[in-house]
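Undergrad: Dropping the structure in here first, questions after.
The values are calculated or read from the model by the stated rules, or taken from the named source; none is laboratory data. Bear in mind the structure is a predicted one, so any value in this text is a computation, not a measurement. Note: ideal-geometry Cβ built from the backbone for every residue, glycine included; neighbour counts use all protein chains shown.
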Amino acid sequence: MAVVHAFDPPERFVVGTVGEPGARTFFLQARLGALLVSVALEKQQVAVLAERVDELLDEVMREASSVVPAVAPYGLDDNGPLEQPIAEEFRVGTMTLSWDPDDERVVIEVFPVDDTVTEDDAEDTEPEEMVLVRLEPAHARAFVKRATLVVEAGRPSCPFCGGPIDPNGHLCVRANGFKRRLTDDE
């Protein structure tokens, strides 16, 4: 039987990071009372989750009669740091996203990476652990807003190739391998 960390709804559900840009670890963190769960994931997974939640809410807003805000309502911003201690429960492998029309909530299921499962076994294998979060639409919009800001707060992008620029520059493919540095006027 799988361990399910259920937050319906969470008191807090946020994305945050630990470390300096270029070496950050991203975490999804959910809290309900004394239950605090932190799972590690990749920056790209955060970006895709935020994008998909936003798209799902836009679709529900167009098709349903439910009240889904177009943007995160004022007062729901959560700019606080991740709660301590940050104990990684697992590293995220897959996530599912859906809309529950009965409760009018976004449902996010987060599953760990399972390196022991082959592609043939994937459909028959139940994960040992998961995080289940059910968010009201306004809180989902606030989650998207914060997640987008966290993703964008990393290293600046090279204006030529789009790659991240470290403090001491990077080898730009558009400059035939010459090292580009970010200057004060860029």
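Undergrad: So which of Leu35, Leu82, Leu76 is among the aliphatic types (A, V, I, L, M) and closer than 22 Å to Val3 by Cα? Quick ask: steps written out before the conclusion?
TA: Working: Leu82 fails: closer than 22 Å to Val3 by Cα; Leu76 fails: closer than 22 Å to Val3 by Cα.
The conditions single out Leu35.
Undergrad: Can you confirm whether region 83-95 contains a residue that is closer than 20 Å to Val144 by Cα and over 14 Å from the mean Cα position of the chain (by Cα)?
TA: Within region 83-95, one or more residues are closer than 20 Å to Val144 by Cα and over 14 Å from the mean Cα position of the chain (by Cα).
Undergrad: Starting from region 19-47, keep only residues that are without any contact (Cβ under 8 Å) to a residue 40 or more places away in the chain, then list their pairs with residues that are in a helix (DSSP H, G or I) whose Cβ atoms are within a distance under 9 Å, requiring at least 6 positions of separation or different chains.
TA: Filtered contacts from region 19-47: Gln44/Val151.
Undergrad: Could you tell me whether region 160-167 includes any residue that is buried (at least 17 other Cβ atoms within 10 Å of the Cβ) and either modelled with pLDDT under 95 or in contact with a Phe, Trp or Tyr (Cβ under 9 Å, 6 or more places away or on another chain) (or both)?
TA: Looking through region 160-167, at least one residue is buried (at least 17 other Cβ atoms within 10 Å of the Cβ) and either modelled with pLDDT under 95 or in contact with a Phe, Trp or Tyr (Cβ under 9 Å, 6 or more places away or on another chain) (or both).
Undergrad: Listed residues Arg52, Arg62, Arg91, Arg146; which is in contact (Cβ under 8 Å) with a residue 60 or more places away in the chain and of a type in the set (Lys, Arg)? Give the derivation first.
TA: On the way: Arg52 fails: in contact (Cβ under 8 Å) with a residue 60 or more places away in the chain; Arg62 fails: in contact (Cβ under 8 Å) with a residue 60 or more places away in the chain; Arg91 fails: in contact (Cβ under 8 Å) with a residue 60 or more places away in the chain.
Arg146 is the lone residue from the list that is in contact (Cβ under 8 Å) with a residue 60 or more places away in the chain and of a type in the set (Lys, Arg).
Undergrad: On the basis of being free of Cβ contacts under 8 Å to residues at least 40 places away in the same chain, among the β-branched types (Val, Ile, Thr) and part of a strand (DSSP E or B), does Val107 make the cut? Let's see the steps before the verdict.
TA: Working: free of Cβ contacts under 8 Å to residues at least 40 places away in the same chain: yes; among the β-branched types (Val, Ile, Thr): yes; part of a strand (DSSP E or B): yes.
Taking the combined requirement at face value, the residue satisfies it.
Undergrad: Of a type in the set (A, V, I, L, M, F, W, C) and in contact with an Asp or Glu (Cβ under 9 Å, 6 or more places away or on another chain): is that true of Ala34 in this structure? Before you say what the answer is, go through the steps one by one.
TA: Working: of a type in the set (A, V, I, L, M, F, W, C): yes; in contact with an Asp or Glu (Cβ under 9 Å, 6 or more places away or on another chain): no.
Spelling it out, it is not the case that Ala34 is of a type in the set (A, V, I, L, M, F, W, C) and in contact with an Asp or Glu (Cβ under 9 Å, 6 or more places away or on another chain).
Undergrad: Of the residues Leu171, Leu182, only one is within 21 Å of Pro21 (Cα to Cα), surrounded by fewer than 16 Cβ atoms within 10 Å (Cβ to Cβ) and either out of contact with any helix residue (DSSP H, G or I) (no Cβ under 9 Å at 6 or more places or on another chain) or modelled with pLDDT under 95 (or both); which? Even if it seems obvious, please write down each step before you answer.
TA: Values: Leu182 fails: surrounded by fewer than 16 Cβ atoms within 10 Å (Cβ to Cβ).
Going through Leu171, Leu182 in turn, the sole match is Leu171.
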